[in-house]
Amino acid sequence: MAEPRRARTRRTGLARKFLYLFTVLIVLVIAGAFAYALWGTALIKLAMVPHADFIAQPRERAASYRRAEMWFARPDIAGNPALWLPPGYTPANGQRAAVFFIHPTSFLERTRWNAPLDNAEANARAALFLRGQASAFNAVGAIWAPRYRQATFGAFLTTQADAAKALDLAYGDVAAAFDAFVAQAGNRPIILAGHSQGALHLLRLLREKVAGTPLQKRIVAAYVVGWPVSRSVDLPTLGLPECRSADQAGCLLSWQSFAEPAEPSLVLDAYDASSGVDGKPRRGTPMVCTNPLTGTPDAAAPASANRGTLVPSADLSSATLVAGQVPARCDPRGLLLIGAPPALGGYVLPGNNYHVYDYSLFWANVRADAARRLAAFAK
């Protein structure tokens, strides 16, 4: 069923507001806080918003995703980045589930609104994300991660109609890839996961392709990480409840990581200004906060509960797993606080926002969480 125009407008409005926030934060890291302090968002827009008109492109069909070159990760692809493992880990046998993973934004250019599928820099960044994020699931399932014509960062810095079109084009690719994934995965249990822009597309995918369909009964869990999910406004539209226990199957997890002292006002302001698909305001509604150390909502856990954080090398070519270093607790606002800032590299965003590291902070716990929920699903 086609999504109503008003609902689509509200959804893309949230996307602009929230990804605008993370775009500004990331560009602060790239361009420097001093320049931002002097010229503010005008500088950011000049640097990142595409200067070309949006070019309408044909929708990809599920048949396109029968080809291996349309995927970053698929069971039959050599050099699959999602199969990466840190030292001390060996590949698992008997993968029983099928995992559909949607990578975050990796296209930063302003020459166009959507990334070409063959853009070398964007693809290299996407593969890096898969190594640090999707790899957490490679013990429980074969991983499919599609290439898609993602909206560029600059699309979230403007209210131009072209920005909404870019986001819709990106989702169209994800939806086509998902249809192909379902056909290729057979009747195995399904794990859904994404991060940032990928999590945004996953929310729409849950609403349009899963909720209220026979497929809903095959979902082990949905990891909607690095994107806000309202318990009262969003969850009722997604077909899955929030995960309430560590061994629950058929449920949704979500978190957003901040070290302390946290300054999340931009996140909270964007959330409070947004509305759900049905037009209900999110302001004042609680956000889903799953503590990945416990697998339960609104919980606290000491660093000793952390089975392993991925600590990247300086050139990001590898990472080692360090246990017992990072605690986590959900605060009353629905944010995940991780204590004093851990030293993970130069991609921590202003406000002690550890958005880039949402998965790698808890890599070993996410790995165990997926295995536990798959075992519960099998029962």
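The table below lists the values:
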| item | result |
| --- | --- |
| Candidates Gly339, Gly334 - the one that is open to solvent by less than 20 Å² (accessible area, probe 1.4 Å), closer than 22 Å to Val233 by Cβ and in contact (Cβ under 8 Å) with a residue 40 or more places away in the chain | Gly334 |
| Residue that is open to solvent by less than 40 Å² (accessible area, probe 1.4 Å) and free of Cβ contacts under 8 Å to residues at least 24 places away in the same chain, where the choices are Ser313, Ser275 | Ser313 |
| Yes/no for Leu200 being modelled with pLDDT under 95 and either part of a helix (DSSP H, G or I) or among the acidic types (Asp, Glu) (or both) | yes |
| Ala270 vs. criteria surrounded by fewer than 19 Cβ atoms within 10 Å (Cβ to Cβ), more than 17 Å from the chain's Cα centre (by Cα) and hydrophobic (A, V, I, L, M, F, W, C) | no |
| Check on Val288, touching a helix residue (DSSP H, G or I) at 6+ places or on another chain (Cβ under 9 Å), open to solvent by less than 20 Å² (accessible area, probe 1.4 Å) and of a type outside the set (Phe, Trp, Tyr) | yes |
| Sole exception among (1) closer than 30 Å to Pro350 by Cβ; (2) open to solvent by less than 20 Å² (accessible area, probe 1.4 Å); (3) not in a helix (DSSP H, G or I) for Leu240, by number | (1) |
| Filter result for Asp247 (part of a loop (DSSP other than H, G, I, E, B), open to solvent by 20 Å² or more (accessible area, probe 1.4 Å) and touching a helix residue (DSSP H, G or I) at 6+ places or on another chain (Cβ under 6 Å)) | yes |
| Strands (runs of 3 or more DSSP E) contained entirely in the stretch 272-379, each with at least 1 residues that are of a type in the set (Gly, Ala, Ser) | 319-322, 328-330 |
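Per-residue answers, yes or no, for (1) touching a helix residue (DSSP H, G or I) at 6+ places or on another chain (Cβ under 9 Å); (2) under 18 Å from Ala98 (Cα atoms); (3) among the hydroxyl-bearing types (Ser, Thr, Tyr):
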{"position": "His201", "(1), (2), (3)": "yes, no, no"}
{"position": "Gly212", "(1), (2), (3)": "no, no, no"}
{"position": "Ala221", "(1), (2), (3)": "yes, yes, no"}
{"position": "Pro241", "(1), (2), (3)": "yes, no, no"}
{"position": "Gln256", "(1), (2), (3)": "yes, no, no"}
{"position": "Pro261", "(1), (2), (3)": "no, no, no"}
{"position": "Asp269", "(1), (2), (3)": "yes, no, no"}
{"position": "Ala273", "(1), (2), (3)": "yes, no, no"}
{"position": "Val277", "(1), (2), (3)": "yes, no, no"}
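Yes or no, residue by residue, for (1) buried (at least 22 other Cβ atoms within 10 Å of the Cβ); (2) at pLDDT below 90:
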position	(1), (2)
Leu85	no, no
Pro91	no, yes
Arg112	no, yes
Leu117	no, no
Ala124	no, no
Leu128	no, no
Ile143	yes, no
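The values are calculated or read from the model by the stated rules, or taken from the named source; none is laboratory data. Since this is a predicted model, take the numbers as computed values, not measurements. Using ideal geometry, Cβ is built from the backbone for each residue, glycine included, and neighbour counts are taken over all protein chains shown. Keep in mind that these areas ignore ligands, DNA and RNA; they rest on the heavy atoms of the full protein, side chains included. Shrake-Rupley method; radii C 1.70, N 1.55, O 1.52, S 1.80 Å.
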